[in-house]
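First up is the structure itself, then whatever we jot down about it.
The values are calculated or read from the model by the stated rules, or taken from the named source; none is laboratory data. Keep in mind that what you see is a predicted model, and the values were worked out from it rather than measured. Methodologically, a virtual Cβ is constructed for each residue, glycine included, from the backbone with ideal geometry; neighbour enumeration extends over all protein chains shown. Just so you know, the surface numbers come from the protein's heavy atoms only, side chains and all, with ligands and any DNA or RNA stripped out. Shrake-Rupley method; radii C 1.70, N 1.55, O 1.52, S 1.80 Å.
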Amino acid sequence: MDMPTTKKKLGIKERYALMTRGLDWETSYQPMDKVFPYAQFEGIKIHDWDKWEDPFRLTMDAYWKYQAEKERKLYAILDAFNQNNGHLGVTDARYVNTLKLFLNGISPLEYMAHRGFAHVGRQFPGVGPRVACQMQSLDELRHAQTQIHSMSNYNKYYNGLHSPTEMIQKVWYMSVPRSFFDDAYTAGPFEFMVAIGFSFEYVLTNLLFVPFVSGAAYNGDMGAMTFGFSAQSDEARHMTLGLECIRFMLEQDPDNIPIVQKWIDKWTWRGIRVLTLVAMMMDYMLPKKVMSWKEAWEIYFEENAGALFNDLARYGIKMPECAKQAFIDKDHISHQAWATFYQYSGISNFHSWLPSEEDKDWLSAKYPDTFDKYYRPRFEHWEAEAKEGRRFYNTTLPQLCQVCQIPMIFTEPDDPTQICYRESDFGGEKYHFCSDHCKHIFDDEPEKYVQAWMPAQQIYQGNCFPEGADPTAPDFNAVEEVLKYYNIHNGRDNMDYVGSEDEKNFAEWRQTSTKN
Amino acid sequence: MQLDLRTVTIKPLRQTFSHVARRIGADKAASRYQEGTFDLQATMNFHYRPLWAPDYEIFDASRTAIVMADWYKLLDPRQYYYGSYTLARARMQEAAEADFALVEDRGLADSLPHAVRRLAMDLYLPLRHLEWGGNTNCMSLAAYGFGTAFTSPALFHAMDHLGMAQYLTRLGLVLGDEAELTAAKQAWVAGPEWQGLRKYIEDCFVMQDWFELFTAHCVVLDGLLFPLFFGEIDTHLAAQGGGAVLSMLTRFEAEWFIDATKWTNAVIKNAAGESAANKAQIESWIGTYLPLAQAALEGPARSAFGAEAPAVIEQLTEQFSARLAKLGVSTAQKG
Ligand SMILES: [Fe+2]
Ligand SMILES: [Fe+2]
């Protein structure tokens, strides 16, 4: 046989198919369901993996080339920013506290996303989604590492950034973002894709990254802004993957629709609860504010996600029920959260402070129905107390919601003066929730949520003291020992911003670097 | 506000993160590899057990029989984090791209003797499936392995295998066409000479202990396969009149193995060096998989070397044993 001398030119789609699905084969020495043991148990029915439409077509050589180019640029900017003490150019050292929230609470989730996508990138029997998930796994490792590298220089000069990998596993409020990701990781591969690929990356991602990246830009932080912008083209790929995954599941079998709907409902709410931290960051922590949480919610959820769910209606998917409560909550959650962190600043790894007169006026304008009525008085009371030398620190551990793990700080949707409490009985025990939606999530999978590592209970059970601590000793100081376990440096990482080392150092350094 | 900052030296409060300082000392500046690697993976206070593997924690050191007091001893001597990894691969792909372009632009494939071109396709094209299998296995390592020091390079390895499956596909499209790829897949699935390898790799797919999987695939199988295909067979094809053309089209694979070996060597050396029990376990795995890998490679080796195949494999095994001996691991059959 002679070799062909003129070859048919392959189209991009055909060529990409040869580079991916063409590689796969049906195993026979080992049964397929042993090779892919987790593809069935969630009840999602897939009849034909070949119906998967590749949301992007990237071969590894192209991936290496593009991504390396991005890394070259990113690290060049970072190096220059660090060399020039770029951190002294930020609006105010209060700003650095948003980075503490990010590096401790978000970057470890990027790492978890990397491992989670590695897992589903191994387990999906279809090659198309498998390869796309693998690339996302690699991207998420990039995000974790570039974030650490971008903030590494801040860690050299500011407190509260020194132990992100330890704090995410220990500090009380960190169980909010962490349990969110542990929850997704421990679910089946299809639920993981709905949780992270769709609900998080598609529906909610703009509410996380836009506030942080534009917050960085507004406040003069080139370092954080650069990794944010650099991640954007990755995020675009991740969003198309999440959407394709949903479309694929819904089109494969009508029996998948109610399962997917249940997961969308659950993960939209789980995500919204985590975003409480972002809400607070936007409204209270950025010295120069970008927009209010409420405005961001209206644009990125009510408008954008609203349009998305209109689009998904043809598959029989509806806007999650919880959106109604979130619509009411948008006027409240940032204030409730900051009021909580203000009180618990003694056991947190970032500083809190009271809003200035200018801040309060901004909040009144942005939240005309709620700020002056419910929240201004509370902050002004604390302000008066602080002036008298009685800065309020709460040391009584709050009760936490068994699902989202946020302290019980949220109010009834129809009465902002009443804290919302819900409970369920399971296995002879009572469990508490912040909302109907968290209770609903628990009631659907109680065996899972009873396992949660609840920070407050863990402290009471004596599991959050450093090794060798003796709670029976007469001079035992529980708070100090918990801080040691958290690796929060008492008096440096925690407490009010006013009077902090960060405040003092920043003022001093900025002065030396700007005077002639 | 635009600030004009003078370049002043301000004294940092600390050099690096607490967990990094604990490992390298508080007075040292840490590298990007160190800050991007140490302790990134959670080890405690997990919230829920995986629904799909309730016997384990989310990350669980007991998923392997290998025991390390500190999993961050398994460092990557290449010090790859995402940025340095992609830069290194971008350089390799640039070189490979130039070679592919040269072969294609000059029509060098047409200059190959018919028999050489045929043999190259028969040998290299089924390998794209094996490389895809390598991707699958290394994804297991990245997902279920313990400690970022190991799992990050495992993911890089997985993506490298995908990349190589794609380079081999391109090789197929340069030397032949789509029909050749289909025929090669048929050979992979049903051709008697490939069934040993296919069985070996499918057995790896269901292996539960990730370090065993690493040993069976990345150390033993790749340790013989890459020198066989991109060393011996490459030399053979060149001598048969292939010249440098096929070496150019498999340049990435050959360079990759040199780079990859730095990592696999370090992992084996440090894990075996940790304890006599680890060393015995690794040697026992090698004792199991080395004869299987030798037998599995005999089919394709025979296509190239005929009756000489066993001797070629024997020689590669000797080189492999010498490589492992330097790492403190013996491949001598016990019993
Ligand atoms: Fe990410
Ligand atoms: Fe809740």
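Worth a mention:
- Against the list (1) touching a helix residue (DSSP H, G or I) at 6+ places or on another chain (Cβ under 8 Å); (2) at pLDDT 95 or above; (3) hydrophobic (A, V, I, L, M, F, W, C), the condition A:Leu308 fails is (2).
- Taking the listed residues A:Phe81, A:Phe117, the one that is in contact with a Leu (Cβ under 9 Å, 6 or more places away or on another chain) and of a type in the set (Phe, Trp, Tyr) is A:Phe117, with no other qualifying.
- Test: residue in region A:379-397 that is at negative phi, more than 16 Å from ligand 1 (Cβ to nearest atom) and within 14 Å of chain B (Cβ to nearest Cβ): no
- Within region A:425-516, helices (runs of 4 or more DSSP H) holding 3 or more residues that are within 16 Å of ligand 2 (Cβ to nearest atom): A:436-444, A:446-449, A:455-460
- Every condition in (1) surrounded by 19 or more Cβ atoms within 10 Å (Cβ to Cβ); (2) touching a helix residue (DSSP H, G or I) at 6+ places or on another chain (Cβ under 9 Å) holds for B:Ala238 except the one numbered (1).
- Filtered by the rule that a residue be closer than 18 Å to A:Ile419 by Cα and in a loop (DSSP other than H, G, I, E, B), region A:345-380 gives a lone residue, A:Thr370.
- Contacts under 8 angstrom Cβ, first residue in region B:252-266 being touching a residue at least 12 places away in the same chain (Cβ under 8 Å), partner of a type in the set (A, V, I, L, M) and open to solvent by 40 Å² or more (accessible area, probe 1.4 Å), 6 or more apart: B:Ala266/B:Leu75
- A:Gly271 vs. criteria in contact with a His (Cβ under 8 Å, 6 or more places away or on another chain) and among the small types (Gly, Ala, Ser): no
Let's see how each residue does on (1) among the aliphatic types (A, V, I, L, M); (2) open to solvent by less than 10 Å² (accessible area, probe 1.4 Å):
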| position | (1), (2) |
| --- | --- |
| A:Val131 | yes, yes |
| A:Arg142 | no, yes |
| A:His149 | no, yes |
| A:Gly160 | no, yes |
| A:Thr165 | no, no |
| A:Phe181 | no, yes |
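- Residue under evaluation A:Gly22, criteria (1) under 26 Å from B:Gln186 (Cα atoms); (2) facing another protein chain (nearest Cβ under 8 Å); (3) surrounded by fewer than 19 Cβ atoms within 10 Å (Cβ to Cβ), criterion not met: (3)
- Annotation note: of A:Lys294, A:Lys288, the sole residue that is away from ligand 1 (no atom under 16 Å from the Cβ) and within 14 Å of chain B (Cβ to nearest Cβ) is A:Lys288.
- Residue within region A:132-144 that is touching a Cys at 6+ places or on another chain (Cβ under 8 Å), more than 16 Å from ligand 2 (Cβ to nearest atom), in contact (Cβ under 8 Å) with a residue 24 or more places away in the chain and assigned to a helix (DSSP H, G or I) present: no
- If you go through region A:382-413 and pick out every residue that is under 15 Å from A:Cys434 (Cβ atoms) and of a type outside the set (A, V, I, L, M), you end up with 11.
- Residue check, A:Ser364 free of Cβ contacts under 8 Å to residues at least 12 places away in the same chain and of a type in the set (Ser, Thr, Tyr): no
- A:Pro413 vs. criteria away from ligand 1 (no atom under 16 Å from the Cβ), open to solvent by 10 Å² or more (accessible area, probe 1.4 Å) and over 23 Å from the mean Cα position of the chain (by Cα): yes
- Restricting region B:75-98 to residues that are of a type in the set (A, V, I, L, M) and in contact (Cβ under 8 Å) with a residue 24 or more places away in the chain, the residue that is farthest from the other protein chains (Cβ to nearest Cβ): B:Leu75
- Subset of region A:51-81 (residues that are without any contact (Cβ under 8 Å) to a residue 40 or more places away in the chain and closer than 27 Å to A:Met249 by Cβ): A:Met60
- Residue check, A:Leu161 of a type in the set (A, V, I, L, M) and part of a loop (DSSP other than H, G, I, E, B): yes
- Against the test of being open to solvent by 10 Å² or more (accessible area, probe 1.4 Å), in a helix (DSSP H, G or I) and more than 16 Å from ligand 2 (Cβ to nearest atom), the options A:Pro125, A:Pro108 yield a single qualifying residue, A:Pro108.
- Count of region A:145-176 residues which are within 16 Å of ligand 2 (Cβ to nearest atom) and among the aromatic types (Phe, Trp, Tyr): 2
- Residues of region B:39-74 that turn out to be in contact (Cβ under 8 Å) with a residue 60 or more places away in the chain, open to solvent by less than 60 Å² (accessible area, probe 1.4 Å) and more than 8 Å from chain A (Cβ to nearest Cβ), as a count: 10
- Only one of the listed residues (B:Leu40, B:Leu75, B:Leu51, B:Leu5) is part of a loop (DSSP other than H, G, I, E, B) and at pLDDT below 95. That residue is B:Leu5.
- Candidates A:Val260, A:Val278, A:Val213, A:Val203 - the one that is surrounded by 18 or more Cβ atoms within 10 Å (Cβ to Cβ) and free of Cβ contacts under 8 Å to residues at least 40 places away in the same chain: A:Val213
- A:His114 meets each of the listed conditions (1) of a type outside the set (Lys, Arg); (2) in contact with a Ser or Thr (Cβ under 6 Å, 6 or more places away or on another chain); (3) open to solvent by 10 Å² or more (accessible area, probe 1.4 Å); (4) within 11 Å of chain B (Cβ to nearest Cβ) apart from (3).
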